[in-house]
Structures are given as C-alpha cells and as structure tokens.
1. Looking only at residues that are in a helix (DSSP H, G or I), farther than 29 Å from Q476 by Cα and out of contact with any Gly (no Cβ under 9 Å at 6 or more places or on another chain) in region 21-62, which one is most open to solvent (accessible area, probe 1.4 Å)?
2. Run down L562, L558, L568 and say which single residue is open to solvent by less than 10 Å² (accessible area, probe 1.4 Å) and either in contact with a His (Cβ under 6 Å, 6 or more places away or on another chain) or among the aliphatic types (A, V, I, L, M) (or both).
3. Is it true that A140 is at pLDDT 95 or above and either open to solvent by less than 10 Å² (accessible area, probe 1.4 Å) or part of a loop (DSSP other than H, G, I, E, B) (or both)?
4. Could we say that G599 is away from the ligand (no atom under 11 Å from the Cβ) and of a type in the set (G, A, S) here?
5. State all residues of region 1-20 that are surrounded by fewer than 19 Cβ atoms within 10 Å (Cβ to Cβ), at pLDDT 95 or above and closer than 22 Å to L122 by Cβ; if no residue qualifies, say none.
6. Exactly one of these conditions fails for Q631: (1) assigned to a strand (DSSP E or B); (2) within 23 Å of the chain's Cα centre (by Cα). Give me its number.
7. In region 369-379, what residues are open to solvent by 10 Å² or more (accessible area, probe 1.4 Å) and in contact with a strand residue (DSSP E or B) (Cβ under 8 Å, 6 or more places away or on another chain)?
8. Condition check: assigned to a helix (DSSP H, G or I), open to solvent by 20 Å² or more (accessible area, probe 1.4 Å) and touching a residue at least 24 places away in the same chain (Cβ under 8 Å). Does R551 satisfy that?
Amino acid sequence: MFEPDLEWFYTPLPRRILRLRHIAYNLWWSWYPEAQWLYRQIDPDLWETVYHNPVRFLRRVRQRRLEQAAGNPSYVQQYDQVIAAFDAYMQSSATSEQPAATALAGQTIAYFSAEFGLHESLPIYSGGLGLLAGDLLKEASDSHIPLVAVGFLYPQGYFLQRIDEQGQQHAEYPRLHGVDVPIIPARTAAGHEVIVDVELAGRITYAKVYRIQVGRVPLFLMDIDIHPNTTQNRELLAKLYTDDEQGRIAQEIMLGIGGVRLLRQLGIQPTIWHLNESHAAFLVLEVMRERVSRGMPFAQAMQTVRQHTVFTTHSPSDSERNIFSTDSIKQFFWRYWQQLGINYDTFLNLARTDRPHGPGFSMTALALQCSRRSNAVSQLHGEVVRDIWQRLMAQAYQSSTDRAILSITNGVHTASWLAPELAQLYDAYLGVDWHAQLTDPAHWQRIYDIPNDVLWRLRRLLKHQLLLFVRNRIQQRAQRLGQDPLVWPVLEEDALTIGFARRFAGYKRANLLFHDIDRLKHLLNAPGRPVQVIFAGKAHPEDTAGQQVIREVYQRSLEPGLAGRIVLLEEYDLMLGRELVKGVDLWLNTPRRRHEASGTSGQKASLNGVPTISTLDGWWPEAYNGANGWQIGDEHEYTSNEEQDQHDAQSLYDTLESQVIPLFFDQRDSADVPNEWVQVCKEAIVTVTPQYSTRRMLSEYVQRLYTE
Ligand SMILES: *Cc1c(COP(=O)(O)O)cnc(C)c1O
C-alpha cells in the first residue's frame, strides 16, 4: 500500500487552522457533525466528490479556499469550538456515572473482527456485522472502555455495486489508497514500525500494521499488500469475504494468529480476547501455542486461554459457511499442531463438526469450545443458537450448561445515526447533556413534550432532503448509462415513504411486498393516499438467487402502476443507510422468522422517529410494544416457506391498508399534522433509543462477558 508522506502530500494548511489535519486523522469527526462541517464549508462540492473523507479532502483542496476560511472570523470561531470539544473529549476520563469503565480498571480487551463499519470512506465492511463492530468501537471510546481492536486493511475491501439496464448487479473492486485513509503506521514503544509474519501453507506471509484512531480507541489493521508477499498471495487476501476456501483460511489465519503477534510486538497484553464472530477464532490457538512454547501442557494452556476469551456469534448461516475442510486444515496447520504438542486428531477435535461428506473444522465450534462466555445478539437469536449449538456441544465435548450462550441484544451508536437536526431538537427538550443519560428511559419521556407539529415539520424536512438525495443518485446513474433522466420517475413529497435497505439474502425476502402485484398497485396508488418504497441492497457476488431478486425489484420498478412508486438505488453503504434511516416515514423489515440474528437498521430508524414495520424476528419481538410500530405476521412456525410467505404477505398488506396508511393520511388536524402518527414516532424514539444503543449493549458486555 502506498504510504503518505504527510508533509509533502498535502496542500499546506494555514497556521490558524492547522489542526484540521489532526482532526482528519481521528474518526471522532465521524460522529461529531460540527467537525464535518469544518471541511464541508471550505468547499461543499469537493466534500461530496471525496465522499466525506477529510484526509482526501485536505489532499485536494485549493490553497485559496483554505486561506479564505482561515481569514473568516465566523469560520475560525467554529474551528476553535470544535478543537476545544475534541481536546476535551480526548482528555476526559471516566466519571462515576461510567461504572463499566471502573469495573475494567487494569484490564485490556482485544476486540477482533473481520470487518469494521466506521464510515463510508473506509470500505472495510460489508454489512451488519461490520457496522456493529464500528459502532462498538465508537461506544468504547465514549464510555472509556479499555479496548483495542484488530482487523484487516483490505486493499480491495467489499465491492462497489452497479446495476445495469436489465437490473443485473455488477461488482467493482476499486483499490484503496493508503494516502486516502486516516492510517498511520503503528509503532512500538521504541519507535519501530510493526511487521508481523505468519506461515500460510509453507509460505511466510507478511503484514504491515497500521493504526486508525477511533476517538480514544486504537484500531490496528493488517495490510498484506506489501513487498515481499507474492502477487498471488496478495490477491488471495485482498477482498472481504472471498468464496475461495484457500483465501478464506489464509485470511482467518492472518487475522487470528497475525493479530495476536501484532499486539505482542506493540507490547499490548490483553486480559480479555473478544471474538466478534468466528473469523478470528484461530487467535485462541496462537495464545495456546505461546503458552505451550513456554512449557505449559496443552490441556492447561487451553483451560487458561478459555478463561480469557469471549465470543459473540451472529448469523447462523455464517456459522454454516465458516467451516474448513480437513484437507485445508492439514495443508495449513500440519506444522502448527506439532507446536501445540498435539496430534491431528486432537487438533481436529477442537472444532470438529460432522457433515454428510465427512468431518469439517468449524470455526464457530472452535470459538464456543475455547471461550469462557458466548453471546447471541438478540433474545430470539439466543434461543435459535442454543437449540443448534448447545446440543452439539454437549454431545461432542460433554460440556455442560456452565457455558450457556447468553443473549445480549445489539444496539447502535446513537450519535452516528441521529440526524443532526433532530439532535438539536433533542438538545432543546432533553437538555444538552442527554448523551450522558442516554440509557435512562425516564429521561426519554421528555420526548412527549415536543409539540407534534414541530416534530412533524422536522420529519417532513428530513424526507425532503432524502428525496433530493435520491433523485440525485438516480440522475447520476442515468447519466452513467446514457439514459435520459427524465424518463425516471420523480418521488412525491406527500407520499408515505417506506424504506427497505439490506443485503439481498433469500431469507430477508425483499420481494415479499411483490407477492400480490395487483394488491400492491392498488395500495400504492389509492387516490389521496400515495405510498412509495425506496429499495437498496447488495447481493453477495456469488449469490445468484439474491441477484435474481435485485433484477425482479428493478424490473418491477419500471412496470406501469409501480414506476414512480418503487425505486431501487444502487450501492447500499453506510452513507445511503444513514440517509434512508433518517429520511423515510416507515422502515420495512421482512425476514423469515428465526433467520435474522438481530438487525439494527430498524433501531437506527426508530431513534430518528421513523417507526418500524417488521416480522417478529431478530430484535423486534423484544422491542415491539404495540404502540411503537407494527408487526407483520405472528409467532407461528411454518413448515413450508411458500405457506409462510403467503401468510406474511397478506399480513403485510392488511396492516398497511387498515392501520398504517389510514393513520398517516386520515387523521390530520387543521394544520395538516397527523397527530396519531406522530405519537407512534415519539413512542419509537422513547422506547428504542435508550435500550437499543451500544451504550446499553456494551455495558452488558462488561457485566456479563468481560467481568463476570
Ligand atoms: C445498519 C446497517 C446494516 C445492518 O442492519 P440490518 O438491519 O441488519 O440490515 C447493514 N448495512 C448498513 C449500510 C447499515 O447501515
């Protein structure tokens, strides 16, 4: 990866605003809107061109613009405020209101994840798992949790999605340039750069370690795109979630084993190892190997490592995918199990899973076996994985309920997802220190004091901004395809606007809404009650069924009766997600029950006053209270998917028709405010924001995973 020579590479900054560069190199700016405004004001067009990336911005901005800003009294006043806020944030220490931090005095948690979703300008994430990891780092920083994070700097990351005239998805893999991301080489106490090496099937592979600062929390990322790694090895490891087994195992060895080595070189001695999903589970082997090499017997090394390891399991389908063949295990580990002082059978038994075509090495089994505590990511998900795993674990390892899988429901980092306009409104009604009392439900009752028309007008404004953004995206795509943008439908400001954005995986049923086309057309086009739906999402490049659903949604969006009411946007990423969850009126979620681990996009919508309509899956059964949104279907378990889809689709249409749409359109007062609807918006904010926050989630991690 090409490295920034800081002084040479940038437009020189005027002294008065020199610390713009400092702020650019700490992702704190990503959840502090006023910091982003410092860049945007200097050159709004460039800010969009560089995709809200301050590092790239400073590299490309014109000298003259910088000088104008430095000479503008109102700009430098804002600048001084942001710098003061940043310094105060970085220098603050835990208060007595942050018992989680106190409980961890003297500890260091090492949090390993294959992806981190921190900002749209740092494409090292694909979806929910990465977003959770990114939000968790920001929260660990806010809550003074002594945490360091380890991941990968994928030179090609996750793909960029393009959709052609037929609705076919195309995946592009632009290369990430080191000069464009806020990385600095990690350094040891003695000032040396850090290179780790790991043996991959007989070949030593090197990774250079970079550091990204997320507020107070450091994130260490390994870059394998360096000399003297072979081109072949670099390509093998370049992308997030390759389907090639060799590439996957190589990446996971690098992440788990290389990750431990990099922390050791940096002199960091974690007391707790936290595996965010099983991709990093090889780390437990490395920590065991260290102990065995110092003379500890293997069984004891394993016991000790287990005492210090915790594991969060996410999607059950990831568990099914993350299994390696015994051939790969032999090829990559035949020297390693010798170093552990054990034989092949004992090694395989650490993670053995039996499949119809022979045994495999299950990373989830390894993680469960070798951790003191594990957790699922919602109550219902806990039931599902306990069903699957506890029986298996009991059979395979005679382990008992002392290591039951807990349920700790996911949450989101509020400041990252709340519209700044709403944050100002909450400041006014909750008091400016509401962030400090985020998880106190009583405090949130004050949301009911906001006059309905005030909240409604603000929601209308946010929708207006979203529709501008969406039209702009549609136009850009039309230009790229050489189409006349005027053939594209224009969305309506007055329409009830529904958002549906997520990975196009089969169980999420993006096409449920299209189950009965005539009924849908009728619903969307009722006179005086227009309804429109904005879709977005990627399908994994190997998932042909998911890509078929994208084509279907796209083609439907062109069909008479649906055109203009259904829009499919390309390139669902963090930025599009943020725009949608704050701008739509209603958030739609349709997974097949017991398949969605948690889902967090509805949580982001709710804290913006956008209610959810969802099947009773993931987080929703525990959050839904009859007044903060709507349910689709019920808790019935079906044996056939067709029957379930039929039933859920009917329920979705019925609920929209008889409850949602009338509430939105029919109960307006003289000022055209739908008071009953606004009540639902408020109820969503009040019930979801405190509970489904990373603040609450992380404090549960501390109490139930880290310290108990
Ligand atoms: C929040 C988020 C997700 C995860 O939300 P789900 O409800 O699981 O879909 C995925 N992708 C993006 C871009 C997000 O912002």
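The values are calculated or read from the model by the stated rules, or taken from the named source; none is laboratory data. Just so it is clear, the model here is predicted, and its values are computed rather than measured. All Cβ positions, even for glycine, are placed from backbone atoms using ideal geometry, and neighbour counts span all protein chains on display. The protein model used for the area step is the full one, side chains on, heavy atoms only, and it has no ligands, DNA or RNA in it. Shrake-Rupley method; radii C 1.70, N 1.55, O 1.52, S 1.80 Å.
1. At the first step, the residues of region 21-62 found to be in a helix (DSSP H, G or I) are 21-24, 27-31, 33-42, 44-49, 54-60.
Okay, now just the ones that are also farther than 29 Å from Q476 by Cα, so 21-23, 28.
From the residues that got through so far, the ones that are out of contact with any Gly (no Cβ under 9 Å at 6 or more places or on another chain) too are 21-23.
Details: R21: 40, H22: 94, I23: 1 Å².
Result: H22.
2. Working: L558 fails: open to solvent by less than 10 Å² (accessible area, probe 1.4 Å); L568 fails: open to solvent by less than 10 Å² (accessible area, probe 1.4 Å).
Answer to the selection: L562.
3. On the way: at pLDDT 95 or above: yes; either open to solvent by less than 10 Å² (accessible area, probe 1.4 Å) or part of a loop (DSSP other than H, G, I, E, B) (or both): yes.
Considered against the rule, which asks whether it is at pLDDT 95 or above and either open to solvent by less than 10 Å² (accessible area, probe 1.4 Å) or part of a loop (DSSP other than H, G, I, E, B) (or both), A140 comes out as yes.
4. Values: away from the ligand (no atom under 11 Å from the Cβ): no; of a type in the set (G, A, S): yes.
For G599, the condition - away from the ligand (no atom under 11 Å from the Cβ) and of a type in the set (G, A, S) - is not met.
5. Across region 1-20, the qualifying residue is only R19.
6. With respect to (1) assigned to a strand (DSSP E or B); (2) within 23 Å of the chain's Cα centre (by Cα), Q631 is out only on (2).
7. We begin by selecting, within region 369-379, every residue open to solvent by 10 Å² or more (accessible area, probe 1.4 Å); these are 369, 372-373, 379.
Once the filter is applied, which keeps residues that are open to solvent by 10 Å² or more (accessible area, probe 1.4 Å) and in contact with a strand residue (DSSP E or B) (Cβ under 8 Å, 6 or more places away or on another chain), region 369-379 yields R372, R373, Q379.
8. Numbers: assigned to a helix (DSSP H, G or I): yes; open to solvent by 20 Å² or more (accessible area, probe 1.4 Å): yes; touching a residue at least 24 places away in the same chain (Cβ under 8 Å): yes.
It is true that R551 is assigned to a helix (DSSP H, G or I), open to solvent by 20 Å² or more (accessible area, probe 1.4 Å) and touching a residue at least 24 places away in the same chain (Cβ under 8 Å).
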